[in-house]
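First comes the structure, then the notes that go with it.
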Amino acid sequence: MSYANSLLVVLLVPALTSVVLAADKSRLDDQTQIPQVPVKKMAPGYFQPPADAEIPANAFGEMVRKGEALFINTKALAPEYVGNEMNCVNCHIDRGRKANSSPLWSAYTMYPAYRKKNNKVNTFAERLQGCFQFSMNGTPPEATGEVITALTAYAYWMSTGAPTGKPLPGRGFDEPPPPRGGFDIARGKLLYEAQCALCHGADGEGKKVGTAYTFPPLWGKNSYNWGAGMHRINTAAGFIQHNMPLGRGETLTDQQAWDVSAYINMHERPQDPRLIKGDIELTRKRYHEDDGVNLYGVKVDGVLVGQGVK
Ligand code: HEC
Ligand code: HEC
């Protein structure tokens, strides 16, 4: 990994500098364009989940281990519920442990909870089912079946000692504020080519080693669908700023995170499974208009975004 990292640095530094300079020239009087030193360092003091070695050697511990395995190798272990080429761990980094990557230890303790997304109080099982339907573009497993039981056991165990009903620091993705001048898709494309394409592919298709994806797809038929939380530019910007480029999180400015997030989320992906009567406009009005910042049902360069790919 260290070889790959040093290679990356050599390749990326000149390209990155030119993007920053180009942005600078266009808005000389706007201080937000000055290359920023990353501000949000990983602060110490996040909740510490127990280590794997502490998983008990009994029936409960076995279920926790099953859940952890499912979380890491979702596609391989539960293919009947996964419609794309993703695993839970692709977005919930470090086996669901990493702060600001929507860690499981901060999630389990916050349910049941009302969700605007489906306008009702959701159990933790229903919340997990939602990630299967949208992030995994699949079919939700039975709430009482072993897949949901195992994932719940894993999340419950990981939150051992955490307070119930109290949002912990590091929950969710901690989104950067929207840049004052908005986001710029063309600039996002340049950044993508310089810092992301190496791993995720020139066309966001991801990369396989053998039959499994080592670098997950960011758009196209094998990625998350148009109903997933990651399709929101604000949400993906938070994920990206804290976690990407892999191993070099916290290096992109707010502006860069928004630009590249917008570039990723203007590309086609599987249709929103809630599509109403085949009508993107109706679906936008009902489900996307109030859902953060997103391009579903919006025209970009004259092309309607949100048509979906199979
Ligand atoms: C494409 C990225 C992605 C993948 C893959 C993914 N998730 Fe998520 N997950 C998210 C996002 C984004 C959110 C926040 C969603 C929102 O705010 O609507 C989230 C939220 C959650 C939450 C609630 C967190 C909280 O604090 O309330 C849980 C639990 C969860 N995911 C579990 C899973 C499980 C289990 C899987 C695999 C079956 C999975 N996720 C796969 C992106 C992903
Ligand atoms: C060194 C390789 C590497 C680079 C460079 C890289 N990524 Fe990633 N990215 C990964 C890996 C690996 C994962 C999945 C992490 C895991 O499973 O633990 C990931 C996950 C993601 C995800 C969530 C999963 C998905 O498929 O939607 C997004 C979004 C993402 N990366 C965006 C970016 C962006 C934007 C950049 C450039 C700023 C970038 N990445 C650069 C390796 C990389």
So what's the angle, to the nearest 10 degrees on a 0 to 90 scale, between helix 233-243 and the longest Cα principal axis of the chain? 80
List the trypsin sites (Lys or Arg not before Pro) in the range 172-225 that DSSP assigns to loop (not H, G, I, E or B) and whose Cβ has at most 14 other Cβ atoms within 10 Å. Which are they? ARG180
Going by alpha carbons, how many degrees (0 to 90, nearest 10) lie between the helix axis of 59-72 and the longest principal axis of the chain? 20
A chain fully extended from LYS166 to ASP279 at 0.36 nm per residue, minus the present Cα-Cα distance, gains in nm 36.7 nm
Output ³J(HN,Hα) for the range 95-103: one whole-Hz value per residue in order, computed from phi by the Karplus curve 6.51 cos²θ - 1.76 cosθ + 1.60 with θ = phi - 60°, and x for Gly and Pro. 6, x, 9, 6, 4, 6, 10, 6, x
Hey, in the GNM for the chain with a 10 angstrom Cα cutoff, which one of VAL298, VAL209, VAL147 fluctuates hardest? VAL209
Mind checking which aspartates and glutamates have their Cα closer than 17 Å to the Cα of LYS120? Skip sequence neighbours fewer than 8 apart in that chain. ASP290, ASP291
Let me spell out the model: positive unit charges on the Cβ of Lys and Arg, negative unit charges on the Cβ of Asp and Glu, origin at the Cα centre of the chain. What dipole size does that give, in debye rounded to 20? 320
Sorted from largest down, give the three principal axis spans of the alpha carbons of the range 237-286, whole angstrom values. 43, 18, 16
Sticking to Cα atoms, compute the Rg of the range 84-142 to one decimal and its Dmax as the biggest Cα-Cα distance, whole number, in Å. 11.7, 31
With just the Cα atoms defining each centre, how far is the range 147-174 from the range 175-231? Give it in Å. 27
5 Å is the cut-off here: which amide hydrogens, built 1.01 Å from N in the peptide plane, fall below it relative to ILE276, excluding neighbours closer than 5 in sequence? THR283
Working note, the chain: Cα radius of gyration (Å, one decimal) and Dmax (Å, whole number) are 19.6, 64
Classify the range 209-310: rounded, prolate or oblate, from the alpha-carbon gyration tensor (a ≥ b ≥ c, eigenvalue square roots; a/c under 1.5 rounded; otherwise prolate if a/b is larger than b/c)? oblate
Per DSSP H run of at least 4 residues, take -39500 (n - 2.57); add these up for the chain, divide by its residues and hand me the 222 nm value, nearest 500 deg cm²/dmol. -10500 deg cm²/dmol
Within the range 93-178, trypsin sites (Lys or Arg not before Pro) in DSSP loop having at most 11 other beta-carbon neighbours inside 10 Å: LYS116
Treating the angle as unsigned and between 0 and 90°, give the value, to the nearest 10°, between the Cα long axis of helix 254-264 and the longest Cα principal axis of the chain. 80
What is the ratio of the Cα radius of gyration of the range 52-158 to 2.2 N^0.38 Å, where N is its residue count, to two decimals? 1.01
Among CYS199, GLY161, PHE173, whose Cα lies farthest out toward the positive end of the dipole of the range 146-270, if unit charges sit on the beta carbon of Lys, Arg (+1) and Asp, Glu (-1)? GLY161
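Bear in mind that the values in this text are calculations on the coordinates, not laboratory data. Every value quoted in this text rests on a predicted model; they were computed, and no experiment measured them. Every residue, glycine among them, receives a Cβ derived from its backbone with ideal geometry; neighbour counts consider all protein chains shown.
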